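Below: the structure, in structure tokens.
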Amino acid sequence: MKAREDARGARSEGPRKLGLCVLCGLPAAGKSTLARALSHRLRQERGWAVGVVAYDDVMPDAFFEEANPLPSQWKLLRQELLKYLENFLLAVINGCQMSAPPNRAEAMWEDFITSLKDQDLVSSAAPEAPSHYLLTKTAVSRPLFLILDDNFYYQSMRYEVYQLARKYSLGFCQVFLDCSLETCLQRNGRRPQPLPAETIHLMGSKIERPNPEKNAWEHNSLTLQSPACSSEASLKLTDLLLTALENPLKFVEDNVEQKETDRIICSTNILHQVDQTLRRAVSQTMKEAKDEQLLPYKLKLLAEELNKLKAKFLEDLRQGNKKYLCFRETIDLSDVISFFHYEKDNIVQKYFSKQH
């Protein structure tokens, strides 16, 4: 009851100041340390409500334990978490209690709720309503910033958060923590549960830094050298967050006709690029198979399977398959190619295991 009264009071005072901050960089760059320090400082010095959402703490442990998780699985989990964030933001914006979404990943949802509870942003409604949560006084009476702590190494991952901020006219900013690959590898090696070194190497080769000159939506971005503990870095961070809160994004109505036109243009360009890349992959694989002296009839069968796989991927893209988002802002070619290589390797493995 108290939380509902607080929520109504907050709404009567005018629009809430809400912001989303994307904290990105390589594993072991110091993002989580920065997020904790920033959260503490904003609470103490500014009196803001702050929620740090650490993806590593919320994503299912089973996913990280897999040797070679599919890129599409990771994408689905990220989108699931964004759905939970949107659920919480809607409750804050409307000044109402939050309900658990249907068809949720139960363990992931519970970890998300536990994180919000630990940061004094929600509380359980009542024992008889286990799937309902009340916003705390902290969550409804102060400016609120959610800091999303993850690698966000592809631009498209960050753009999804930007879209959420734009949808609800929230403040939005990005902080890229710049740290050398060698330092990240050293820090990672000292962790109780280090990531495989090849994972960090791969991410280092793929990471897309914020590029405000190329992407207008990334204009409110800041790059800091790790460790970002200087007073100058603190001042820059505070200025960035204040700018985001004072300049919320403007909601833009979806133009269905324009989006469809964009999708067709995008599909044409993407299809050509993917077709060329997959052709090279198939050609290289067949060359390797010949070098391994695969029997002629097996070479023929392998070529048929690989070409069928390539055709399936291209048709999926042509049809706008939801595995591969086909709008210019969100397409991630690396995911498509990685997924193709994953399925291609499964096919190739069959033939070589038979050979030996």
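If the requirement is being buried (at least 20 other Cβ atoms within 10 Å of the Cβ) and either part of a strand (DSSP E or B) or free of Cβ contacts under 8 Å to residues at least 60 places away in the same chain (or both), which of these qualifies: L241, L177?
Every option except L177 fails the conditions.
Residues L202, L185: which one is part of a helix (DSSP H, G or I) and exposed (fewer than 15 other Cβ atoms within 10 Å of the Cβ)?
Of the residues listed, the single one that is part of a helix (DSSP H, G or I) and exposed (fewer than 15 other Cβ atoms within 10 Å of the Cβ) is L202.
Just to check your reading of the model, which residue among A165, A129, A91, A139 is over 17 Å from the mean Cα position of the chain (by Cα) and either modelled with pLDDT under 90 or closer than 15 Å to C21 by Cα (or both)?
Of the residues listed, the single one that is over 17 Å from the mean Cα position of the chain (by Cα) and either modelled with pLDDT under 90 or closer than 15 Å to C21 by Cα (or both) is A129.
Could you tell me whether any residue of the stretch 121-137 is in a helix (DSSP H, G or I) and either of a type in the set (S, T, Y) or assigned by TED's automatic domain parsing to the domain that holds G19 (or both)?
Residues of the stretch 121-137 that are in a helix (DSSP H, G or I), as a first pass: 137.
Next, only the ones that are either of a type in the set (S, T, Y) or assigned by TED's automatic domain parsing to the domain that holds G19 (or both) stay: 137.
Within the stretch 121-137, one or more residues are in a helix (DSSP H, G or I) and either of a type in the set (S, T, Y) or assigned by TED's automatic domain parsing to the domain that holds G19 (or both).
Quick one: is L116 within 23 Å of Q44 (Cα to Cα), crowded, with 16+ Cβ neighbours inside 10 Å and of a type in the set (A, V, I, L, M)?
Answer is yes for this residue.
In the stretch 205-232, how many residues are in a loop (DSSP other than H, G, I, E, B) and in contact (Cβ under 8 Å) with a residue 24 or more places away in the chain?
Residues in the stretch 205-232 being in a loop (DSSP other than H, G, I, E, B) and in contact (Cβ under 8 Å) with a residue 24 or more places away in the chain: 11 in total.
Which of the residues that make up the stretch 159-174 are of a type in the set (A, V, I, L, M) and part of a loop (DSSP other than H, G, I, E, B)?
Correct list: L170 only.
Filter the stretch 72-113 down to the residues that are of a type in the set (D, E) and without any contact (Cβ under 8 Å) to a residue 24 or more places away in the chain, then identify the one that is surrounded by the most Cβ atoms within 10 Å (Cβ to Cβ).
That would be E110.
What's the total number of residues in the stretch 187-204 that are touching a residue at least 24 places away in the same chain (Cβ under 8 Å) and among the polar types (S, T, N, Q)? Spell out the reasoning first.
In the first step, residues of the stretch 187-204 are kept if they are touching a residue at least 24 places away in the same chain (Cβ under 8 Å); the result is 187-188, 191, 195, 199-200, 203-204.
Within this subset, residues satisfying the condition of being among the polar types (S, T, N, Q) are 188, 199.
Selection size over the stretch 187-204: 2.
Table: residues versus (1) modelled with pLDDT of 95 or more; (2) under 17 Å from the mean Cα position of the chain (by Cα).
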residue: Q174; (1), (2): yes, yes
residue: L181; (1), (2): no, no
residue: Q193; (1), (2): no, no
residue: M203; (1), (2): no, yes
residue: N215; (1), (2): no, no
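The values are calculated or read from the model by the stated rules, or taken from the named source; none is laboratory data. A quick note: this is a predicted structure, and the numbers were derived from the prediction, not measured. Virtual Cβ from ideal backbone geometry, glycine too; neighbours counted across all protein chains shown.
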